[in-house]
Amino acid sequence: MKTYLIAANWKQNGTKKSLSRLTKGIIKSAKNKKITNSIILLPPSIYIDNISTLLKQKTLQNKKISLGAQNISPYIDGAFTGEISTNMLKDYNCKYVLIGHSERRHIFLEKNKEIAAKVKLAIDSKLSVIFCVGETIAERNKKETKRIIAQQLKIGLSSAVNLIKKNTAKLVVAYEPVWAIGTGRTAKPKDIQDVHIFIQKTLSIILGNKSKLIKILYGGSVNEVNASLILKLDNVDGALVGGASLNTKKFIEICSSI
Ligand code: PGA
């Protein structure tokens, strides 16, 4: 049976209290509903310590929930005010890091080269990367979706090709059309499938045959209503969920929708 990866990107939302409640709710419901899919929680970094403790306390028999960060510094350590290193994350049992999210690309103006440095550093530090790609609405209207995604993949993964070839579990790709994030507009099933097939082909050019093992998630307004249809599509191995992951009931429905 296929195990799907469902990642909760909480972005810059919540408080210690609300996110603790959300985490406890997810742990409890995941146990009760006997969810067989893998869940990844991506809290704001300041709460990683707290969520890590909750997961340790409550998930003794439930190894299905792992922890990740929404961002890392592109540098190992040193004089980089405000940044968080991969080693710091590993102190709190983080297994994953989100890199290349469209909000980092478009609001914080991260370029493909900086993103490539982060991917290499994360995998060097034994974290797994959830690598986000996706086109803006202007790029989509100009029919540039595939060109943009190919470029994001080629440059973003360029420094880590050998590391990923050695261990394909270190990379998960998330296709997130920028125009679908937080807008309530999801991509059409046919478009999701086409782009996922394209990502798979591009990965095989960059990484060779083993790239078939790399999971490709869809993200962008995934909710409890559309999740089952999206997750059933060929080449979709899971979802990256923003808004709907802030609600225990909705998130658990998404996780148990397939
Ligand atoms: P959304 O966010 O589910 O709120 O659209 C997804 C994401 O940004 O990862």
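Just how large is the dipole of the chain about the Cα centre, in debye to the nearest 20, putting +1 at every Lys and Arg Cβ and -1 at every Asp and Glu Cβ? The partial results should precede the final answer.
On the way: 42 positive and 18 negative charges, 150 e Å.
Using Cβ point charges on Lys, Arg, Asp and Glu, the chain gives about 720 debye.
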#### Entry: DSSP loop chymotrypsin sites (Phe, Trp or Tyr not before Pro) with at most 15 other Cβ within 10 Å excluded, longest remaining stretch of the chain
109-258
### Query
How much FRET efficiency would the formula 1/(1 + (r/R0)^6) give for Lys142 and Lys56, where r is the Cβ-Cβ distance and R0 is 30 Å, rounded to 0.05?
0.05
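So in the chain, what percent of DSSP beta bridges are antiparallel if you round to the nearest 5? Write out the running numbers ahead of the final one.
Working: 0 of 31 bridges.
Among the beta bridges of the chain, antiparallel pairing accounts for roughly 0 percent.
At 1.4 Å probe size, with every protein chain present, just tell me what the per residue accessible area of segment 5-255 comes to in Å². Don't jump to the answer; show the numbers that get you there.
On the way: 11920 Å² over 251 residues.
About 47 Å² of surface per residue is accessible.
Mind ranking His101, His106 by accessible surface for me, highest first, 1.4 Å probe?
On the way: His101 10, His106 85 Å².
These residues rank, largest area first, as His106, His101.
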### Query
Could you sort Lys120, Lys28 by accessible area so the largest value comes first, with the probe set to 1.4 Å?
Lys28, Lys120
### Task
Have a look at Ile214, Val241, Ser257 and report the one farthest towards the positive end of the charge dipole of segment 208-258, computed about the Cα centre with Cβ charges (Lys/Arg +1, Asp/Glu -1).
Ile214
### Query
How large, in percent, is the carbon and sulfur part of the accessible surface of segment 5-255 at a probe radius of 1.4 Å?
53
#### Entry: Amide H contacts of Ile40 (H built 1.01 Å from N, under 5 Å, at least 5 apart or other chain)
Ile6, Ala7, Ala8, Ser66
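So what's the net charge close to Tyr75: Lys and Arg +1, Asp and Glu -1, counting the other residues with Cβ under 15 Å from its Cβ? Show your work: numbers first, answer last.
Working: positive: Lys113, Lys118, Lys120; negative: Asp77, Glu83, Glu110, Glu114, Asp124.
Residues near Tyr75 contribute -2 overall.
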### Query
Of Val161, Val241, which has the most accessible area with a 1.4 Å probe, and how do the rest follow in descending order?
Val161, Val241
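How large is the translational diffusion coefficient of segment 5-255 in µm² per second when you combine the Kirkwood radius over alpha carbon pairs with Stokes-Einstein at 4 °C and 1.567 mPa s?
On the way: Rh = 18.1 Å.
The estimated diffusion coefficient comes to 71 µm²/s.
The values are calculated or read from the model by the stated rules, or taken from the named source; none is laboratory data. Just so it is clear, the structure is predicted and the values come from calculations on it, not from any experiment. Don't worry about glycine lacking a Cβ; one is built from the backbone with ideal geometry, like all the others, and counts go over all protein chains shown. SASA here: full protein model, heavy atoms, side chains in, ligands and nucleic acids out. Shrake-Rupley method; radii C 1.70, N 1.55, O 1.52, S 1.80 Å.
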